[in-house]
Amino acid sequence: MQPEEINKEKDVSVKYRFLVVDDSIFARKNIAKVVEMMGGVVEGEATTGREAIDLYFKIKPDVVIMDISMPEMEGLEALAKIREKDKNANVIIISSLGYQELVKKALSLGAKHFISKPFQSDKAAEIIKFVLKEIKPGR
Amino acid sequence: MEDLSSLQLSEEDIKSLKETFYHQAVELVELLTQDVLLLEGSKDKGERLKTIKRIFHTLKGDSASIGLKGLSSLTHKAEDLLHAIESGLVEIDSDLTDILLNIADCVHEAIDKSLAGADTPHIPIMMKNIDSFLNERSGEHDKSDTNASSIFGEYQRLLLADYRKQGREVYNIRLSFSEDCHMKSAGVVLILQHLTGIGDIIRTSPPQDAKEIEYADAIEVVIASTMARNEIQKFCSIPGVVGNVTVEEFKEQDIAIIPKDLSPTQDSFVTQKTISPAATIRVESEKMDKIMDLVGELVIGRSMIAQLLLEFEERFPREEMLGRFASASSFVERSLSDLQRSVMNLRMMPIDKVFKRFPRVVRDLAKAGDKDIRLIIHGEDTEVDKGLVDVIGEPLIHIVRNAIDHGIETVEERNALGKDIQGTIFLEAYHQGNDIVIEVKDDGRGIDTKLIKEKAIEKGLISNDELEKISDDDAIDFIFLPGFSTAKVLSEVSGRGIGMDVVKTVVEGLRGGIKVKSELGVGTTFILRFPLTLAIIKAILFNVSNRLFAIPLVSVKEITRVFVKDISLVNNKEVLRLREKVIPLIRLERIVNIDRRGTRRDKLYVIVVNIEDRDIGIIVDRLVGEEELVIKSVVSHRLVNTSMIGGASILGNGQVVLILNPSAIVKKAGVRAIGNEQASVSA
């Protein structure tokens, strides 16, 4: 199944809105590419956990894709804060190998899925699609 | 060792790292063996497996970091095996125990070679063995087509029945990890979170938090759900984590319930008490010996002061400072006694260190001899001198081996005799007075004294007349004579096989004694007795030919004064009639080859020593006194036959005293400690 097919199955008029959080610009671009390929739209980009929290409540995205292996465990804290205030927040985390414990923690904090770096676009797309199955765009 | 040198460590650092590794690894392997042995009969197999795995894991990491690649790959492979066990692919049985023990042995060998920085050539062979074992076992597994691992507890079984009652279906879902899943345990968390949405999870294997998930190809989940099978199948495809999914109805007959009663092997090995690892430090024994030596020097210093004090008192009886001098001296004496006791305590360690080898020994031997044997260990925390721990293992193993090989009957024989088909070896240690006693008891066929007597006559050790007078207890002691016990008939029919004389020599070298009690058809007990400490002894000091000797007080029974005319000759040997008994006499100067010096006296002293329940007199010229001696070992020298010298000590006045080893003296003197002399004299 091609990534672009998602929106064909659902209501095409409303696009899924994404918040991408990563301290590496390269990674953010990569993710944005996948999101757009799938017909989603990146509404905001953040480089730190703090920024992510602020931005989340400003733009209320459908999905957050966030690196948790950012310095000082910020990703995990941001995830906790976001989920604390919004029980329905959909967060997919990204993690480098070797941060498995953080990933497990994140899942227990309510992350919906995880993507491991190095980043593979097609795999990432599948995972995003899997998470989107359960949500309607523009909640 | 390239891994180490790249870190630019000094030679010394590397050496010390290696040593640290060595010491820790040796301990780990001991623990490993212990846990493996307990695994089969363990109630909580999961917990045991975890411990075993943790040990392999630690060894893997450590050996890799000091550059032992072979050992590190072997332990890695061992971890794979452990994983297979935990995931239920491999059943826990005695074959598994065997291979785990073999691995432990191989690891041990590798560790021994680690100080030289080499790996053992057996590693590749062992690794192959593990592979073929795994292949064999997983093959079996496929055939039997069990959905679940054999470990399914009572609780899960109850849950199962409950869910069925509610009309829910129970499924066994096998989810293989997709190739791109690089974080499997996180994947499992996700899978389980996902699955809780459709039902109640009864069991996950491997368990969610098990480390081996990282090496697993798949996990299996037993779940109760109202969903249909194909729906579940669909539901389980989680991208990035799950590859293939198979969903099957969970079959009742797949459940093997952990038996509630213990399997017969369970009590074969007594669970050892865990000693808290806290509050201990590791000290090289050499360092401790050094302290011991220094304390020894201080003890000598103390007696020097005491002696000086006496002289001082004689010379200046009215000196005012005398009282203060005396009290200072006694203060030093008291503190030193405390110090001595404390240091002595440092040398003490639980005999467990020796005993814990035995479950393995007994298991192996029982298996080899097709016997069913239970080992019961008591008093494993009895503290004994380190010197004893170091050397007592081999003799004990020898005794146990004999007990298993020749003492305990086969299952059929025992059955026919109406005995409990499971034989028992009883290993016990305890303190008695100032002694450590170690007992090895079996409930086997016992020693046939009749056969021993026959053999003794055949070997010309004893005449027919003498035989009459020998008690059964005495006859048994023939097994300790060199060469005697190799007698084929003995080892076949009743025997304590080969080399009991060696055992005896070792025991006596530790200033101990050994005794046997046996009842035909009921069993045999070996009783080994050792002094509490091997470093300081109380001894009687005496002169022979103006030379100073000492003999341990423990072996002295009495001291008596005799006239030369009281000594008579029997068979050209000197004997003494002492009250009702006639005892053989020994002249030390003939035995230790010293010139006869000093004047011949009419009156002599005889120190009566008791060696293995028999009295023998040593003729001495003069008694010097009783003293506490710090034993220093004597290095073998052509002038001294050290077997007869148990050690040496220095007295307060600087004089050197040789401490005799009574049993070696008796042996050397050719006094057969059988008792026939006594008998023939009185006859």
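Just so you know, in the range B:580-596 the residues that are farther than 13 Å from B:Phe549 by Cα and in a loop (DSSP other than H, G, I, E, B) include one that is modelled with the highest pLDDT, and it is B:Glu580. The set of residues from the range B:367-380 being at pLDDT 85 or above and out of contact with any helix residue (DSSP H, G or I) (no Cβ under 6 Å at 6 or more places or on another chain) comprises B:Lys371, B:Ile376, B:His378, B:Gly379. For the range B:231-244, the set of residues classified as more than 14 Å from chain A (Cβ to nearest Cβ) and closer than 25 Å to A:Phe119 by Cα consists of B:Asn244 only.
Of all residues assigned to the range A:57-65, none qualifies as being within 14 Å of another protein chain (Cβ to nearest Cβ) and surrounded by fewer than 23 Cβ atoms within 10 Å (Cβ to Cβ).
Can you tell me which residue among B:Lys251, B:Lys260 is at pLDDT below 80 and farther than 30 Å from B:Leu375 by Cβ? Give the steps one after another, and end with the answer.
On the way: B:Lys260 fails: farther than 30 Å from B:Leu375 by Cβ.
That would be B:Lys251, the only listed residue that is at pLDDT below 80 and farther than 30 Å from B:Leu375 by Cβ.
The residue that is surrounded by the most Cβ atoms within 10 Å (Cβ to Cβ), counting only those in the range B:638-683 that are of a type in the set (Gly, Ala, Ser) and either touching a His at 6+ places or on another chain (Cβ under 6 Å) or modelled with pLDDT under 55 (or both), is B:Ala673.
Kindly provide the set of residues from the range B:189-207 that are polar (S, T, N, Q), within 16 Å of B:Phe250 (Cα to Cα) and surrounded by fewer than 18 Cβ atoms within 10 Å (Cβ to Cβ), ordered by number. Scanning the range B:189-207 gives no hits.
Might you check whether a residue that is more than 14 Å from chain A (Cβ to nearest Cβ) and assigned to a strand (DSSP E or B) occurs anywhere in the range B:181-199?
yes
Residues in the range B:154-190 that are under 24 Å from B:Val242 (Cβ atoms) and modelled with pLDDT under 80: B:Gln156, B:Tyr163. Consider the range A:6-50 and keep the residues that are over 15 Å from A:Ala78 (Cα atoms) and of a type in the set (S, T, N, Q). The one that is modelled with the highest pLDDT is A:Asn30. When you check B:Val36 against the structure, is it touching a residue at least 60 places away in the same chain (Cβ under 8 Å), under 21 Å from B:Pro124 (Cα atoms) and in a helix (DSSP H, G or I), yes or no? Considered against the rule, which asks whether it is touching a residue at least 60 places away in the same chain (Cβ under 8 Å), under 21 Å from B:Pro124 (Cα atoms) and in a helix (DSSP H, G or I), B:Val36 comes out as no.
Considering the range B:263-315 alone, what residues qualify as being at pLDDT 70 or above and of a type in the set (Asp, Glu)?
Quick first cut of the range B:263-315, residues at pLDDT 70 or above only: B:281-315.
B:Glu284, B:Glu286, B:Asp289, B:Asp293, B:Glu297, B:Glu311, B:Glu313, B:Glu314 - these are the residues of the range B:263-315 that are at pLDDT 70 or above and of a type in the set (Asp, Glu).
Within the range B:404-459, if we keep just the residues that are at pLDDT 85 or above and hydroxyl-bearing (Ser, Thr, Tyr), the residue that is farthest from the chain's Cα centre (by Cα) turns out to be B:Thr410. Taken over the range A:77-101, the criterion of being touching a Leu at 6+ places or on another chain (Cβ under 8 Å) and either of a type outside the set (A, V, I, L, M, F, W, C) or within 9 Å of another protein chain (Cβ to nearest Cβ) (or both) is satisfied by A:Arg83, A:Ser95.
The single condition among (1) more than 27 Å from B:Gly444 (Cβ to Cβ); (2) surrounded by 15 or more Cβ atoms within 10 Å (Cβ to Cβ) that B:Arg334 does not satisfy is (2). In the set (1) surrounded by fewer than 20 Cβ atoms within 10 Å (Cβ to Cβ); (2) among the hydrophobic types (A, V, I, L, M, F, W, C); (3) at pLDDT below 85, the condition left unmet by B:Ile66 is number (1). Residues in the range B:167-180 that are of a type in the set (S, T, N, Q) and within 12 Å of chain A (Cβ to nearest Cβ): B:Ser178 alone. When the test is whether a residue is of a type outside the set (A, V, I, L, M, F, W, C), outside any helix (DSSP H, G or I) and either touching a Ser or Thr at 6+ places or on another chain (Cβ under 7 Å) or in the same structural domain as B:Asp364 (by TED's automatic domain parsing) (or both), B:Gly67 does not pass it. B:Leu71 - would you say it is within 17 Å of B:Ala104 (Cβ to Cβ) and within 23 Å of the chain's Cα centre (by Cα)? Answer is no for this residue.
Right, B:Arg511: modelled with pLDDT under 75, within 24 Å of the chain's Cα centre (by Cα) and crowded, with 18+ Cβ neighbours inside 10 Å or not?
Details: modelled with pLDDT under 75: no; within 24 Å of the chain's Cα centre (by Cα): yes; crowded, with 18+ Cβ neighbours inside 10 Å: yes.
Judged against the criteria, B:Arg511 is not a match.
Would the range A:111-127 turn up any residue that is on the phi > 0 side of the Ramachandran plot, facing chain B (nearest Cβ under 10 Å) and either small (Gly, Ala, Ser) or surrounded by fewer than 16 Cβ atoms within 10 Å (Cβ to Cβ) (or both)? No - not one qualifying residue is present in the range A:111-127.
Hey, does the range B:207-230 have a residue that's at the interface with another protein chain (Cβ under 9 Å from one of its Cβ atoms) and among the aliphatic types (A, V, I, L, M)? Among the residues of the range B:207-230, not one is at the interface with another protein chain (Cβ under 9 Å from one of its Cβ atoms) and among the aliphatic types (A, V, I, L, M), which makes the answer no.
The values are calculated or read from the model by the stated rules, or taken from the named source; none is laboratory data. Source: prediction; values computed, not measured. A quick note on method: Cβ atoms are made from the backbone with ideal geometry, for glycine too, and the neighbour counts reach across all protein chains shown.
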